[in-house]
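**Q** A single structure is presented below for examination.
The values are calculated or read from the model by the stated rules, or taken from the named source; none is laboratory data. Since we're looking at a predicted model, the values are computed, not measured. When we count neighbours, we look across all protein chains shown, and the Cβ atoms used for this are built from the backbone with ideal geometry, even at glycine.
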Ligand SMILES: C[S@@+](CC[C@H](N)C(=O)[O-])C[C@H]1O[C@@H](n2cnc3c(N)ncnc32)[C@H](O)[C@@H]1O
């Protein structure tokens, strides 16, 4: 593609041309537009987006952290049933979709990547689920959520340094903060209570191994 996708419609066609509907291994009940192989989408994204300094296609993968926390909510819906939920850094929107399926009253999926926003809307529609999308940086805000989900957000230090104090502050004001993490480098060492653990099948190309033990953790104030 010579012209970078710059409208929501163009972003949607880019996503649909680069992905196929498939279910992440841990959540067979949810279909997402996912990259079937890593290299082609990375190359296509670099070719079309790099000039614009846009991020890699995180939205085209269901990360182990998101899969684990989504599996947990589908199996333990009492954590979100009837609640106002934020899926922070939603990527594909997997956890937002799962929270809604588990009976959340209102789910907001938050991203700063325009492609992720379109991927979330496409993915929600593919599952006949309604989620609201918020496309701005929410870090530092408290907008009355009962539960905040953060799947796989501790993979870079600058992000983790901003996100964790904010999430801890929310936990201190009574918000339930659930993280999904497969052992990323910048997960805090303390103030986390494990509520579940899953073996998530992954690909060697993406994660350098075929299985990642991934924990669902409640972040404490
Ligand atoms: C590894 S992906 C995880 C996606 C999803 N939660 C999952 O587990 O599949 C991390 C995501 O964080 C998003 N992100 C990074 N900084 C953010 C911020 N300040 N606010 C919202 N999303 C952010 C990126 O765009 C990316 O989609």
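**Q** Quick check on my filter: what residues within the stretch 109-121 are surrounded by fewer than 20 Cβ atoms within 10 Å (Cβ to Cβ) and either more than 10 Å from the ligand (Cβ to nearest atom) or assigned to a helix (DSSP H, G or I) (or both)?
**A** Passing the criteria: 114, 121.
**Q** Turning to a different aspect of this structure: Looking at 45, 36, 19 in this structure, which one is in contact with a strand residue (DSSP E or B) (Cβ under 7 Å, 6 or more places away or on another chain), farther than 17 Å from residue 66 by Cβ and not assigned by TED's automatic domain parsing to the domain that holds residue 114?
**A** 36
**Q** For residue 125, work out the one condition from (1) more than 13 Å from the ligand (Cβ to nearest atom); (2) buried (at least 24 other Cβ atoms within 10 Å of the Cβ) it doesn't fulfil.
**A** (2)
**Q** I've got another one for you. Sort through 55, 25, 64 and tell me the only one that's surrounded by fewer than 24 Cβ atoms within 10 Å (Cβ to Cβ), under 24 Å from residue 204 (Cα atoms), at pLDDT 95 or above and within 14 Å of the ligand (Cβ to nearest atom).
**A** 25
**Q** Looking only at the stretch 74-97, which residues are more than 9 Å from the ligand (Cβ to nearest atom) and part of a strand (DSSP E or B)?
**A** The answer is 84, 85, 86.
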